[in-house]
Amino acid sequence: MKPMYDLIVVGGGVLGTFHAYHALKKGLRVAVIEKDKMPIGATVQNFGQVVPSGMDSKWQAYGRESLAIYKEIQGQFDISIRQNGSVYLASNQEEIQLIEELSQINQSNNYQSHLLTKEECLNKYPGLRSDYVKAGLFFPEEVTAEPRTMIYRLHAFMIQNMGLKLILNTTIIASESTSNGVILSSAANEEFFARKVIICNGNAFKNLFPILFNESDLEVSKLQMLQTKPQQNYTLDGSILTGLSIRRYEAFYECPSFKAIKAKENPDALEKKWGVHILFKQAADGSVILGDSHLYADAKNIDDLGFDLDMDIDDFMIQEAKKIIDLPNYEIQNRWFGMYSQCKTKDIFEHTIEDNIHIITGIGGKGMTGSAGFSKENIAKIFNTKE
């Protein structure tokens, strides 16, 4: 049997889609198979912030490559990318020290950033509270996306301009290696044949490889987010990250003072209990997305996280947000939670079965930022080609 495709990607989220994108760029025949009518997982449940600045050195490199890829596509087709920068707002002297140290690290990495004074922050971000902000660190190259539309527009671009075959409402229930490829079987008794298969369907890979899934060190994070009603005559540019973000994001772990500053934090504080750090991003309709929180469970025990929204967490996040920015209104129109998987001991889960089946998942909160750059390198490795 001759393979129908050079590559089939199982899972139409951002990680799987960018693997397909880079394979198509190499002239390969590619299909993406998505179990739902449209992707509904972590790719559309997030803020839409593309922030290499928050990542460690390895993933910042992937994120910077992702920025270039997003901008290249946006130049050809509107996938909702806006280059409006990211800012980290320091609320005390410790956080000022950390952003100054990160600024030096960025300078040595040739990644553009600008320290902002308190007055510059107040002038740039309307409603920012003077009793909160002490200084800021701004990254002008970073972008935002509309998470609930970006992936669908990216698919449309790839179908129209690159020859992607997108197969929706199709659940893959089995995979079998053959002498010259992989046969995938769907719940509707369809078969698909490819030289290679990449599985990027998050926790759903447990249905294909349950033993491997149960033996993995994958865990799931449940994040609560909120969206205000549209703000009238108000503009908040870019991604707004705050003091709790400075104390949480991996980039700051590389700062000389980080360990000592973290050691002084109160482990019993509510922001620690609920994994809260406060982010703001204005959506295209003028509403503001804010959050978020993080609760964890082993991936095999995902049901322990429940399906409820904890209103105490939401109320706490709103109270903290009001201490930072005076929005024209804090009327909430939407509340939801997202789920993403990550590894406890590695930065991503990768496992290859008999050379041609590649499971790639557990990218954690790095998906929107890191997937495009990481996938470029990974496709070159899988197909033994140059980037």
Could you grab the relative contact order for segment 1-104? Cα pairs under 8 Å, six or more apart, rounded to a whole percent. 17 percent
I need the GluC sites (Glu not before Pro) found in segment 205-266, filtered to DSSP loop residues with at most 13 other beta carbons within 10 Å of theirs. E265
Cα convex hull of segment 73-134: mean projected area in nm², to one decimal? 5.7 nm²
Specify the inter-centroid distance of segment 31-69 and segment 321-340, based on alpha-carbon positions, in whole Å. 22 Å
For segment 122-127, what does the Karplus curve 6.51 cos²θ - 1.76 cosθ + 1.60, with θ = phi - 60°, yield as ³J(HN,Hα) per residue in whole Hz, taken in order and with x for Gly and Pro? 5, 6, 7, 10, x, x
Once you've got the Cα coordinates, tell me which of K71/K346; K26/K196; K124/K376 are over 25 Å apart. K71/K346; K124/K376
Candidates A263, A31, A204: whichever shows maximal mean-square fluctuation once the chain is modelled as a Gaussian network with Cα springs under 10 Å: A263
Go through segment 142-149 residue by residue and turn each phi into a ³J(HN,Hα) via Karplus (6.51, -1.76, 1.60, θ = phi - 60°); whole Hz please, and just put x for glycine and proline. 7, 10, 10, 9, 8, x, 7, 10
How big is D, in µm² s⁻¹, for segment 335-387 by Stokes-Einstein at 20 °C and 1.002 mPa s if Rh is the Kirkwood radius over C-alpha pairs? 171 µm²/s
Give the Cα extents of segment 277-359 along the principal axes, in whole Å, largest first. 57, 29, 21
Ellipsoid equivalent to segment 120-206 - semi-axes via the Cα gyration tensor, in Å: 46, 16, 13
Sort 98-104, 266-272 for me by packing, meaning the mean count of neighbouring Cβ atoms within 10 Å per residue, highest on top. 98-104, 266-272
Restricting attention to segment 220-259, which chymotrypsin sites (Phe, Trp or Tyr not before Pro) occupy a DSSP loop and are surrounded by at most 15 other Cβ atoms within 10 Å? Y234
Starting from the Kirkwood radius over alpha-carbon pairs of segment 221-265, derive D by Stokes-Einstein at 37 °C in a medium of 0.692 mPa s and give it in µm² s⁻¹. 241 µm²/s
For segment 215-304, fraction of C-alpha pairs farther apart than 21 Å, in %: 49 percent
List the relative contact order of the chain as a percent without decimals, with contacts defined as Cα pairs under 8 Å and 6+ residues apart. 26 percent
With an 8 Å cut-off on Cα pairs and a minimum separation of 6 or more residues, tell me the relative contact order of segment 274-387 in percent. 14 percent
Roughly how many percent of the accessible protein surface of segment 105-203 is carbon and sulfur, given a 1.4 Å probe and a whole-percent answer? 46 percent
Hey, what do the phi angles of segment 267-279 turn into as Karplus ³J(HN,Hα) couplings, whole Hz, using 6.51/-1.76/1.60 and θ = phi - 60°, x for Gly and Pro? x, 9, 5, 4, 5, 7, 4, 9, x, 8, 9, 9, 10
Is it possible to state the helix-based mean residue ellipticity at 222 nm for the chain, with each DSSP H run of 4+ residues giving -39500 (n - 2.57), the sum divided by total residues, to the nearest 500 deg cm²/dmol? What is it? -9000 deg cm²/dmol
Residue-normalised accessible area of segment 1-137, expressed per residue, 1.4 Å probe, Å²: 40 Å²
Could you calculate the contour length gain from L122 to Y253, that is, 0.36 nm times the residue separation minus the distance between their Cα atoms, to one decimal place in nm? 44.5 nm
What's the carbon and sulfur percent of segment 274-374's accessible surface, probe 1.4 angstrom, rounded to a whole number? 45 percent
Of the peptides 369-378, 65-74, 166-175, how do they stack up when ordered by the mean number of other Cβ atoms within 10 Å, highest first? 369-378, 65-74, 166-175
Using only the Cα atoms of the chain, what do you get for the radius of gyration and for Dmax, in Å? 21.1, 69
Just the number please: accessible area per residue for segment 329-387, 1.4 Å probe, all protein chains included, in Å². 45 Å²
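The values are calculated or read from the model by the stated rules, or taken from the named source; none is laboratory data. What you see is a predicted model, and the numbers here were worked out from it, not measured in a lab. Methodologically, a virtual Cβ is constructed for each residue, glycine included, from the backbone with ideal geometry; neighbour enumeration extends over all protein chains shown. Ligands, DNA and RNA are stripped out before the accessible areas are found, and what is left, the full protein with its side chains, is counted by its heavy atoms. Shrake-Rupley method; radii C 1.70, N 1.55, O 1.52, S 1.80 Å.
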